[in-house]
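Structure record follows, encoded as structure tokens.
Nothing in this text is a laboratory measurement; each read-out follows from the coordinates by a stated rule. Quick caveat, the model's predicted, so the values are computed rather than measured. Virtual Cβ from ideal backbone geometry, glycine too; neighbours counted across all protein chains shown.
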Amino acid sequence: MRFLVTGGAGFLGTALANKLTKDGHTVYVLDDLSNGNATYLLPQIQFIRGDVDDIPLLWSLLPDVDCVYHLAARVSVAQSILYPRDYSRVNVGGTVSLMEAMRDTGVKRVVFASSGAIYGFQAEQPVHENDKPNPDSPYAVSKWAAEQYIHTIGELWGIETVALRIFNAYGPHQSLPISHAPVIPRFLQQVLTGGSVVVFGNGRQTRDFVYITDVVTALVTAANAKEVNRKIINIGSGSETSLNELVEILQQASGHSANIIHNQQKSGGVPRLVADISRARLLLGYQPMVNLNDGLRQLLAEDERFAQYTS
Ligand code: NAD
């Protein structure tokens, strides 16, 4: 098959594009490199630097594509609070442009990388796809709006659409910006370099950490699965881990011990978030294969930024 992966030079996109290529498919990657790095892409992949909002560029790329993976997005919750317009332009506007260009060129299916952040605070856990979204950031709103646009435009024009709500993915080469980095690479960096681990809130807040290879397996399956049209599907590990537990496991996996500081001034986000993955099991035959312990060990071994401290 021929795939276009938008955002394919990012953390999840690179792993997906490389897996599809290894499986024998033809892969194009479109990425503006605002947060990506094309050097980890396999050489057979055709990389195009550009904006997902560029309709003429999309027209030139899409005509022979069988399925689009739409991953291009601004991805920081904290940044979205400061720059909501940019999050709306890229995550919503870019998605609508993509759908319009898919309509114009007759592409059959899109798999959208949505987010568990859409759920926000939910009294009942684990969260199920039928729970009413309660987004608490412009990022979460933008992903929810993008889901709605994808399914609505898909319905109007006969394009197959599926949205995977990914929870806290982690793995090699996840970006580690100076501020507001995702929690696993940030904690790892702090543990490995001998600094203190700074936990926001009381550390009892829980998240669902899912290893990158499990997310990629779900994405790959979604391109050809039969009963997924117009569906929203949670992709997590189904296991709930508190940030305090995460720091413990990180110390064990890395063999380094750390000083832990709790910053109660800063919100640690919603108190609990864990995915009900029964729909993914049913529709995608999804089964998470890598538990947190093993995933962290793989991450430490495969990411050269961290491997230097453990070898
Ligand atoms: P990432 O930042 O590494 O990847 C996103 C990519 O999109 C980057 O390479 C960036 O350069 C590119 N991009 C941004 N704006 C663009 C634009 N206007 N045009 C073209 N490319 C653009 O982040 P990621 O963690 O790999 O996330 C990929 C997707 O999965 C995103 O849509 C994100 O919302 C979603 N997601 C990720 C997680 C996670 O835990 N990593 C969880 C839920 C959802």
query: Given the options GLY154, GLY24, GLY201, which has the most mean-square fluctuation in a GNM of the chain, springs set between C-alpha atoms less than 10 angstrom apart?
result: GLY24
message: Treating only the Cβ of Lys, Arg, Asp and Glu as charged (+1, +1, -1, -1), what charge dipole size does the stretch 171-267 show about its Cα centre? Round to the nearest 20 debye.
response: 300 debye
- line: the chain, Gaussian network, Cα under 10 Å: of ASN291, ASN259, ASN18, the residue fluctuating most is ASN259
message: Check which residues have an amide H placed less than 5 Å from ILE233's amide H, if you skip close sequence neighbours.
response: ALA163, LEU164, ARG165
task: Just grab the label-to-label distance for MET1 and SER278, each label 7 Å out from Cα along the Cβ direction, in nm (one decimal).
output: 2.8 nm
task: Could you let me know the centre-to-centre spacing of the stretch 110-180 and the stretch 263-311, using Cα atoms, in angstrom?
output: 17 Å
- request: Taking 7 Å along the Cα-to-C-beta vector as the label spot, tell me the TYR309-MET289 distance in nanometres, rounded to one decimal.
  value: 2.8 nm
query: Normalised by the residues of the stretch 68-126, what does the relative contact order come to in percent, with Cα pairs under 8 Å and at least six apart?
result: 50 percent
HN-Hα J in Hz across the stretch 121-130 - Karplus 6.51, -1.76, 1.60, θ = phi - 60°, x for Gly and Pro: 6, 9, 5, 8, 10, x, 7, 10, 4, 7
query: In the stretch 115-214, which GluC sites (Glu not before Pro) are in a loop and have at most 14 other Cβ atoms within 10 Å, using DSSP for the loop call?
result: GLU124
query: Which of the lysines could a cross-linker span from LYS266 if the Cα-Cα distance has to be under 22 Å and same-chain partners fewer than 8 positions apart are dropped?
result: none
message: Less than 14 Å Cβ to Cβ from PHE187, Lys/Arg counted +1 and Asp/Glu -1: what total charge do the surrounding residues give?
response: 0
message: A 25 angstrom limit on the alpha carbon distance is what I want to check against. Which of LYS22/LYS231; LYS108/LYS231; LYS22/LYS226 exceed it?
response: LYS22/LYS231
statement: FRET efficiency for GLU302 and ASN134 from the Cβ-Cβ distance with R0 = 30 Å, rounded to 0.05, comes out at 0.25
The stretch 171-273: GluC sites (Glu not before Pro) falling in loop per DSSP and having at most 12 other Cβ within 10 Å: GLU227
Gain on full stretching of the segment that runs from ASN229 to PHE200 - 0.36 nm per residue minus C-alpha separation: 6.6 nm
- prompt: Scanning the chain for trypsin sites (Lys or Arg not before Pro) in DSSP loops with at most 16 other Cβ atoms within 10 Å, what's the longest stretch left with none?
  reply: 1-107
task: Search the structure for amide H atoms under 5 Å from the amide H of PHE200, placed 1.01 Å from N in the peptide plane, and list their residues when 5 or more places away or on another chain.
output: ASN263
field: Rel. contact order, % - alpha carbon contacts under 8 angstrom, at least six apart, the chain
entry: 17 percent
- prompt: For the chain, what does -39500 (n - 2.57) per DSSP helix run (n ≥ 4), summed and divided by total residues, give at 222 nm, in deg cm²/dmol to the nearest 500?
  reply: -11000 deg cm²/dmol
message: Just want the ordering: SER267, SER239, from fewest to most Cβ atoms lying within 10 Å of their own Cβ.
response: SER267, SER239
field: Förster radius 35 Å - calculated FRET efficiency between TYR83 and ASP104, Cβ distance, rounded to 0.05
entry: 0.75
field: 18 Å reach of a label modelled at TYR40, 7 Å along Cα-to-Cβ, counting backbone N of the stretch 1-26
entry: 5-23
field: Pairwise FRET efficiency - GLU248 versus ALA123, Cβ, R0 = 22 Å, nearest 0.05
entry: 0.20
